[in-house]
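Data first, discussion second: the structure below is written as structure tokens.
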Amino acid sequence: MKAARWYNRRDIRVEEVPEPRPKKGEVKIKVAWAGICGSDLHEYLAGPIFIPAGTPHPITGEKAPVIMGHEFSGEVVEIGEGVEGFTKGDRVAVEPIVACGACPSCRQGKYNLCVHLGFHGLSGGGGGFAEYTTFSAGMVHKLPPGMTFEEGALIEPVAVAVHAVRRGKMLEGESAIVFGAGPIGLSVIAAARAAGARQVISVEMAEKRREFARKIGADHVLNPTQVKVNEEVLRLTDGRGVDLAFETAGVPVTLLTSVDCIRPDGRVVIVSIWEKSAELNPNLLVLTEKELLGTIGYRDVFPAVIALIADKRIDASQFITAKIKLDQIVKDGFEELVNNKDKHVKILVSPQP
Ligand SMILES: [Zn+2]
Ligand SMILES: [Zn+2]
């Protein structure tokens, strides 16, 4: 079968690899659509980050070259020994977390905090940029009738946003500001809306992305190169500040502005992964009892996200900006995202010939 494998920075190859067989407890999936994620792009430009390059991943036992693609949907075509509850032809999406099941976090059910945390499609063992893949049946979720495979491929990035909103303990009727309107920022806007936010403010420099933010449901879209964001937020909230801020841009200035924009006793959720450190005077939190929280991946949210997408409380289909074939993945996928990043939210890849 054909698969896209990461060899090195700027070196992803579509090549022939052996078709996987489902091991005990696994199902084999014929991949329908797989999304290219911001972290895939990071691996392409600046990797390896999650990809095990020198030493094999402790759970999968594999190292580069590895098959990429962790946001995908498909159809069950084979069922491994001991698997119950699945039949051939089931339409599914994969929750791609690879966890050890034995560390203290795993034993508490917080599998996204596993000491050996990995992702199917980054850490070895297969992935969605391939005609077929196999994965543990316990991490495979069925799609409801009426949900398209395209929508199925968007469950994973939306799950990141829904988990972030849950981490922020958002209550219905609260207000939120979202820094950054890339795929995750836009998903957070949609997830905050679905959680019952009364007002969502988006902050984004790129014009095209500000348009997406408006379309996806932000009430106010601010260009930080043209307005003072903290002053504008005070104006929009009658001098109170927002209840919650979500930081998805990963730059020091947005972190500081996030803290600045929330009301006393408000919360900032950091959703982005950082390339370097940021400086923050702790008094900004101490004297106002503000909270600063992190969030990584998701846990126990896939069924909720599937329901939110199925009944269009989150309209995931509007995130899709291009659909390509696996053979085009480097030129029209990764390179397109490098050169025309602002034009895209999500590029979907079909590995089927
Ligand atoms: Zn991702
Ligand atoms: Zn673990």
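The values are calculated or read from the model by the stated rules, or taken from the named source; none is laboratory data. Quick caveat, the model's predicted, so the values are computed rather than measured. In this analysis, Cβ positions are derived from the backbone assuming ideal geometry, glycine residues included, and neighbour counts consider all displayed protein chains. Only protein heavy atoms, including side chains, enter the accessible area calculation; ligands, DNA and RNA are left aside. Shrake-Rupley method; radii C 1.70, N 1.55, O 1.52, S 1.80 Å.
Counting heavy atoms of the protein chains only and a 1.4 Å probe, report the per residue accessible area for the chain as a whole number of Å². Don't skip to the end; give the middle numbers.
Working: 15320 Å² over 353 residues.
Per-residue accessible area for the chain comes out at 43 Å².
Using a simple spin-label model with points 7 Å from Cα along the Cα→Cβ vector, what separation in nm is obtained for Met205 and Val227?
About 1.9 nm, to one decimal.
Given H placed 1.01 Å from N in the peptide plane, which residues other than close sequence neighbours of Ala322 have an amide H under 5 Å from its amide H?
The answer is Lys346, Leu348.
Determine the alpha carbon to alpha carbon distance for each of Lys23/Lys323; Lys28/Lys63; Lys30/Lys312; Lys215/Lys323; Lys24/Lys63 and list only those over 24 Å.
Flagged as over cut-off: Lys23/Lys323; Lys30/Lys312.
Would you mind checking segment 112-129 for residues with the amide N under 14 Å from a putative spin-label position 7 Å along Cα→C-beta of Glu15?
Flagged as within label range: none.
From the helices alone, meaning DSSP H stretches of at least four residues, give me the mean residue ellipticity at 222 nm for the chain, per-run term -39500 (n - 2.57), in deg cm²/dmol to the nearest 500.
Per the formula, -6500 deg cm²/dmol.
Of Ala99, Val338, Ala190, which is farthest along the charge dipole of the chain in the positive direction, counting Lys and Arg as +1 and Asp and Glu as -1 at C-beta?
Ala99
For the chain, set up a GNM with springs between Cα atoms under 10 Å and report which of Gly54, Gly128, Gly118 has the largest fluctuation.
Ranking Gly54, Gly128, Gly118 by mean-square fluctuation puts Gly54 first.
If I take the Cα coordinates of segment 19-65 and project them onto the principal axes, what are the three extents in Å, biggest first?
Ordered largest first, segment 19-65 gives principal extents of 34, 28, 16 Å.
Near the amide H of Val98, under 5 Å away, which other amide H atoms are found, from residues 5 or more places off or on another chain, if H is placed in the peptide plane?
Residues meeting the criterion, in which the H sits 1.01 Å from N, are Gly118, Phe119, His120.
Give me the dipole magnitude in Debye, nearest 20, for segment 20-130 about the Cα centre, with unit charges on the beta carbon: positive for Lys and Arg, negative for Asp and Glu. Show your work: numbers first, answer last.
Numbers: 10 positive and 11 negative charges, 44 e Å.
Computed charge dipole of segment 20-130: roughly 220 debye.
Carbon and sulfur atoms: what percent of the 1.4 Å accessible area of the chain do they account for?
Carbon and sulfur atoms account for 51 percent of the accessible area of the chain.
Can you check what the Kirkwood hydrodynamic radius comes to for segment 161-294, Cα pairs only, in Å to one decimal?
Computed over Cα pairs of segment 161-294, the Kirkwood hydrodynamic radius comes out at 14.3 Å.
Would you work out the charge dipole size for the chain about its Cα centre, treating the Cβ of every Lys and Arg as +1 and the Cβ of every Asp and Glu as -1, and quote it to the nearest 20 debye? Present the calculation step by step, with values, prior to reporting the outcome.
Working: 42 positive and 44 negative charges, 23 e Å.
Charge dipole of the chain: 120 debye, to the nearest 20.
Report the gain in length on full extension from Ala102 to Ser277: 0.36 nm times residue separation, minus Cα-Cα distance, nm rounded to one decimal.
59.9 nm
Karplus couplings for segment 296-303 from phi (6.51 cos²θ - 1.76 cosθ + 1.60, θ = phi - 60°), rounded to Hz, Gly and Pro as x?
9, x, 6, 8, 6, 10, 4, x
With a 1.4 Å probe and all protein chains kept in place, how do Asp332, Asp90 rank by accessible area, largest first?
On the way: Asp332 50, Asp90 25 Å².
Final ranking, largest accessible area leading: Asp332, Asp90.
Could you state the angle between the C-alpha long axis of helix 252-261 and the longest principal axis of the C-alpha atoms of the chain, as a value from 0 to 90 degrees rounded to the nearest 10?
Rounded to the nearest ten degrees, it is 50.
Step through the residues of segment 334-347 one at a time and calculate ³J(HN,Hα) from phi using the Karplus curve (6.51 cos²θ - 1.76 cosθ + 1.60, θ = phi - 60°), rounding each to whole Hz and writing x for Gly and Pro.
Values per residue, Gly and Pro as x: 4, 5, 4, 5, 5, 8, 10, 3, 5, 6, 10, 9, 9, 9 Hz.
Report the one residue of Trp6, Gly38, His70 whose Cα lies farthest in the direction of the positive end of the charge dipole of the chain (charges on C-beta: Lys and Arg +1, Asp and Glu -1; origin at the Cα centre).
Among Trp6, Gly38, His70, the one farthest towards the positive end of the dipole of the chain is His70.
In the structure displayed, which of Lys88/Lys331; Lys169/Lys276; Lys88/Lys341; Lys110/Lys341; Lys110/Lys346; Lys142/Lys346 lie more than 30 Å apart, Cα to Cα?
Result: Lys88/Lys331; Lys88/Lys341; Lys110/Lys341 exceed 30 Å.
For segment 189-293, calculate the relative contact order in percent as a whole number, restricting contacts to Cα pairs under 8 Å that are 6 or more residues apart.
With pairs under 8 Å counted, the relative contact order is 19 percent.
Over all directions, how big on average is the projection of the convex hull of the alpha-carbon atoms in segment 11-161, in square nanometres?
The number I arrive at for segment 11-161 is 9.2 nm².
In degrees, nearest 10, range 0 to 90: what is the angle between the Cα axis of helix 183-194 and the longest Cα principal axis of the chain?
Between helix and principal axis, roughly 70 degrees.
What nm value, rounded to one decimal, do you get for the distance between Asp311 and Arg240 when each label is placed 7 Å out toward the C-beta?
Once both label points are built, they end up 2.7 nm from each other.
Explain nothing, just compute: Karplus ³J(HN,Hα) = 6.51 cos²θ - 1.76 cosθ + 1.60, θ = phi - 60°, for every residue of segment 83-99 in order, whole Hz, x for Gly and Pro.
Computed from phi, the couplings for segment 83-99 are 8, 10, x, 10, 10, 4, x, 4, 8, 9, 10, 9, 8, x, 6, 10, 9 Hz.
Which one, Ser123, Ser277, Ser187, has the greatest fluctuation when you compute a Gaussian network model over the chain with C-alpha springs under 10 angstrom?
Highest fluctuation of the listed residues: Ser277.
Along its principal axes, what span do the Cα atoms of the chain show, with the longest given first and each in whole Å?
60, 43, 43
Which one of Gly266, Ile201, Asn281 is farthest out on the positive end of the charge dipole of segment 161-294, using unit charges on Cβ (Lys, Arg +1; Asp, Glu -1) and the Cα centre as origin?
Ile201
About its Cα centre, what dipole magnitude does segment 200-353 give when the only charges are +1 on Lys and Arg Cβ and -1 on Asp and Glu Cβ, stated in debye to the nearest 20?
420 debye
Of Val83, Val305, Val269, which has the largest mean-square fluctuation in a 10 Å C-alpha GNM of the chain?
Comparing Val83, Val305, Val269 in a Gaussian network model of the chain, the most mobile one is Val83.
Give me the percent relative contact order of the chain, please, defined on Cα pairs under 8 angstrom at least 6 residues apart.
Value for the chain: 18 percent.
Hey, can you grab everything whose amide H is under 5 Å from the amide H of Gly266? Only 5+ residues off in sequence or another chain; H modelled, so Pro and N-termini drop out.
Here Glu291 satisfy the definition.
Ordered by packing density, taken as the mean number of other Cβ atoms within 10 Å over each peptide's residues, highest first, how do 209-222, 243-256 rank?
Taking the mean over residues of other Cβ atoms within 10 Å, the ranking is 243-256, 209-222.
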